[in-house]
Amino acid sequence: MSLYSKLQKYFFSLLVFGVLSSVANAESGGRIREEFKLPQTVDAPDDSATQPGDASEGNNPNGINVDDPRNLTEESDGVSSYERRKRKDLTPKERQEIDYDLSLKKGILIIFRAETEKRYKTLDRMALTHPIPRVRAAAVLALGRMGRGGVKTLHHVIERDGEAVRQAAYKALADIGSPSSLDYFFRGIKSNDPDIQFSSWRGMGKTKDPSARDALIRQGIRSTRTEIVKASLLGLAAFQVNDDLKLFKTYLDSEDPELQKTAIEALGIHKTRASLRILEQTLETKPELVKNIVEAIGQNTSLYGTFSFIRILESSTSEELNQRILAQLYLRKAFYQFGTVQVEGGYAQENPYPTSRKLRSLTLGEVGKILKKSDRRFIQKTGDKFVEDHYYLLLLESKNPESYYETVQSWVFGPYLKIRTILAPPKEKKGKRYKRKPASFTPASDMEETDPVNPSNTDQSPENGPPLEN
């Protein structure tokens, strides 16, 4: 046998041996995985290899993952594309209801922003052209709160809109009380709609027209319907005539609690010193109406309303009432010193010394705003004792009916007064903010040239001193 044939048989036997060994290794590996339950490694396929028909859960047939927030886009009407896809499964009626709710919410939001920014044109457009009646009614009420700028729009709404929006328009006109709306008020008291009637009776008084006052006295107060009587009382209060105070006191003493509350509200709208005195007296006789009385006095934002609160505060023993009054004083920012006359026999003087001319005698409970006190102290007899104190310059109510000014400045000796200081609530302390210095940039041309540090010397400890700690 030749050498060539021997080599050929040798290589053939090696090839057969290699194939048999590989097969044996594969079978042994499979048995081991089955025995120990090892996971089988499979290469993940590319995204490009995924077929359109094999879309998994959460993916639509077009290959867009609708659950991925990165695929959501906000439309001009505030509806995301995700919501639009969900609506495809809804019925037409359900879609219409959703669109209606979104349009309603968007319209109310626009009205609130326009009222805050005092954009009359936007409110006019919403009140006249918006398709939803509730949005138009909200725009109409906003115009009433903003004042007389939208009276013509309200007249137009009354002429051409439906019942719900017309009710809101009359209420807005009653809040404004423009004389140009008097004809609409006379037309409204003859309406079959009770809400329009009540708003018309109330709004007639704010016009302060003599014909409106005559109608309120002859028809409104004499009506058999309690609601019309209540609206007429509020309308009469806007005239601020002292002869109406007797009428208010009559209803204040009635047995109907609703009429009592309306009479208190009317006294607050009256805004005169006489009406404030009646409210203070009612606080003692009807303590169950404390909340209504305090709110009625709070409508009088003048100095007399502040004086009434100070008088009540000095004579009150109720902690709840004191807290209500302090809240009202905080709202009007009456952070001053006030003096209340507590001792009889005091006088208001022209100058801060005992021999000065006396202007008038002081009454118990009279309140004044303290402007300043005298530099010098004086000894003066007060009652049966001699007392040393300052004189205080007070801003008092004028008692002279012929005086042009409603207040007068007078000096009062200190022992006759009980002084109260209304302090502002403490402000919240905010942490100091330190301004960071802007990082200065040094160009390379301005940098100093230095030799680089030898890396071999970085690990060496300093020659002097203790070794560095790790």
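The values are calculated or read from the model by the stated rules, or taken from the named source; none is laboratory data. These figures come from a predicted structure and were not determined experimentally. Here the Cβ positions follow ideal geometry from the backbone for every residue, glycine too, while neighbour counts run over all protein chains shown. Keep in mind that these areas ignore ligands, DNA and RNA; they rest on the heavy atoms of the full protein, side chains included. Shrake-Rupley method; radii C 1.70, N 1.55, O 1.52, S 1.80 Å.
Among the residues making up segment 154-181, those that are within 17 Å of Ala215 (Cβ to Cβ), open to solvent by less than 20 Å² (accessible area, probe 1.4 Å) and assigned to a helix (DSSP H, G or I) are Tyr170, Leu173, Ala174, Ser181.
Take Ser199 and tell me if it is more than 16 Å from Ala137 (Cβ to Cβ), small (Gly, Ala, Ser) and free of Cβ contacts under 8 Å to residues at least 60 places away in the same chain. Answer is no for this residue.
Taking every residue in segment 413-440 that is among the aromatic types (Phe, Trp, Tyr) and assigned to a loop (DSSP other than H, G, I, E, B) and pairing it with any residue that is open to solvent by 100 Å² or more (accessible area, probe 1.4 Å) and at pLDDT 90 or above, at least 6 positions away or on another chain, yields no pair with a Cβ-Cβ distance below 6 Å. Is it the case, given these coordinates, that Ser223 is assigned to a loop (DSSP other than H, G, I, E, B) and not assigned by the TED database to the domain that holds His130? Yes: the conditions hold for Ser223.
Screening Ile293 on (1) open to solvent by less than 10 Å² (accessible area, probe 1.4 Å); (2) in contact with a His (Cβ under 9 Å, 6 or more places away or on another chain); (3) among the aliphatic types (A, V, I, L, M) shows it passes everything except condition (2).
Taking segment 106-135 as the range and being open to solvent by less than 30 Å² (accessible area, probe 1.4 Å) and part of a helix (DSSP H, G or I) as the test, the residues that pass are Gly107, Ile111, Ala114, Thr122, Leu123, Met126, Ala127, Val135. Checking each residue in segment 273-292 for being among the polar types (S, T, N, Q) and either at pLDDT 90 or above or touching a Gly at 6+ places or on another chain (Cβ under 9 Å) (or both) picks out Ser275, Gln281, Thr282, Asn292. Within segment 327-354, being of a type in the set (Ser, Thr, Tyr) and either in the same structural domain as Lys373 (by the TED database) or within 13 Å of Val367 (Cα to Cα) (or both) holds for Tyr336, Thr340, Tyr347, Tyr353.
Only one entry in Gln328, Gln323, Gln337 is within 28 Å of the chain's Cα centre (by Cα), surrounded by 14 or more Cβ atoms within 10 Å (Cβ to Cβ) and at negative phi, namely Gln328. Looking at segment 351-371, which of the residues that are under 12 Å from Leu393 (Cα atoms) and assigned to a loop (DSSP other than H, G, I, E, B) is most open to solvent (accessible area, probe 1.4 Å)? Checking each candidate, the answer is Tyr353.
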